[in-house]
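The values are calculated or read from the model by the stated rules, or taken from the named source; none is laboratory data. Predicted, not measured: the structure shown is a model, and the values here were computed from it. Positions of Cβ are generated from backbone atoms using ideal geometry, with glycine treated the same way; all protein chains shown enter the neighbour counts. These area figures cover heavy atoms from the full protein model, side chains too; ligands, DNA and RNA do not enter into them. Shrake-Rupley method; radii C 1.70, N 1.55, O 1.52, S 1.80 Å.
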Amino acid sequence: MAGTTGRRTSASGNKKGRTGSSKGKGAKKTENLRTAEDGALFHEIELIALFAAMVLLFCCNFGIIGPVGDAVSGFLFGVFGFMAYVVPILLFMAAAFWFANEGNSTAVRKLVAGIVLFFMLGIVCDLFAKNAAAMEKYSIATLYESCRITKGGGGVVSGSISYMLQHFLETIGTVLVVILCSVVSLILLTEKSLLASVKSGGSRMLSAAGKTPASGRWSRRSIAAEGKKNGPEEKKSVSEEKRSAGSGRRKRRMKGFSVWRKRYPV
């Protein structure tokens, strides 16, 4: 009796332990779901607030918000130059991309590549406006005021980079650096190799011409395709030749038969 009661108590203890562990797992799952839902809700609220701020900043650049908007747009043009027109949109897109891919290393790499490409476009704007090239000595205040007044150039950020590049590498070296950094940034953003695209384009052109890229001769597929195309025409020509030869033989036989009847009438 004592053994059976001990077994029953141990079994009941095991059942209670299992139920307690299952309840603990269920509570953890519900907590994780709640935290995930709360995080998604906060991200959505942040995106809505960022969208409103983006619209406000975008309208400030066109002088339709009043004196406060003019002050904000002047600051944006002084810092970013001509790229201030697209800064609000790019900020919203970058934030939305980060919220959608939070914790992803690829997303971080793409964001860095996008920032570098943005700076390169600012340097291009500065090269056209010639704000950095016109300075004898580097001055942040001069860059800021010129870009704020003219609403062009590369601003303080890209203008400073442009000044340093032109000071050490001249205009040609600056252009080469801009092209190199832009190409690398585009490759990282699109995740497509430039050399692979060039090779695929060349192979398509060669296949369209019907030649192999290695030897430049006609490929077997092109020869087979030409044979299939010319096959029915060749068959028609052969059949016509046979018909003409058969008709010529018949005419000769008829002529010989008529001559024989004239010589040997029945």
Could you go through segment 99-107 in sequence order and give the Karplus-derived ³J(HN,Hα) for each residue, using 6.51 cos²θ - 1.76 cosθ + 1.60 with θ = phi - 60°, rounded to whole Hz, and x for Gly and Pro?
-> 5, 6, 10, 5, x, 9, 5, 5, 5
Ranked order, 41, 165, 50 - accessible area, probe 1.4 Å, largest first | 41, 50, 165
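Arrange the residues 110, 151, 137, 130 by how much accessible surface each exposes, largest first, with a 1.4 angstrom probe.
Values: 110 50, 151 85, 137 165, 130 135 Å².
Ranking 110, 151, 137, 130 by accessible area, largest first, yields 137, 130, 151, 110.
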Ranked highest first by average number of other Cβ atoms within 10 Å, how do 92-100, 75-83 line up?
-> 75-83, 92-100
With the contact rule set at Cα under 8 Å and sequence spacing of 6 or more, what percent relative contact order holds for segment 136-200?
-> 16 percent
Let me have the relative contact order for segment 74-205, percent, based on Cα pairs under 8 Å that are six or more residues apart.
-> 33 percent
Residues whose modelled amide H sits under 5 Å from the amide H of residue 153, counting only those 5 or more places away in sequence or on another chain, are 82, 129
Heads up, I need the accessible area for residue 157: 1.4 angstrom probe, whole protein in place, Å², nearest 10.
-> 50 Å²
Projected label distance in nm at residue 55 and residue 37, using a 7 Å step from Cα toward the beta-carbon = 2.9 nm
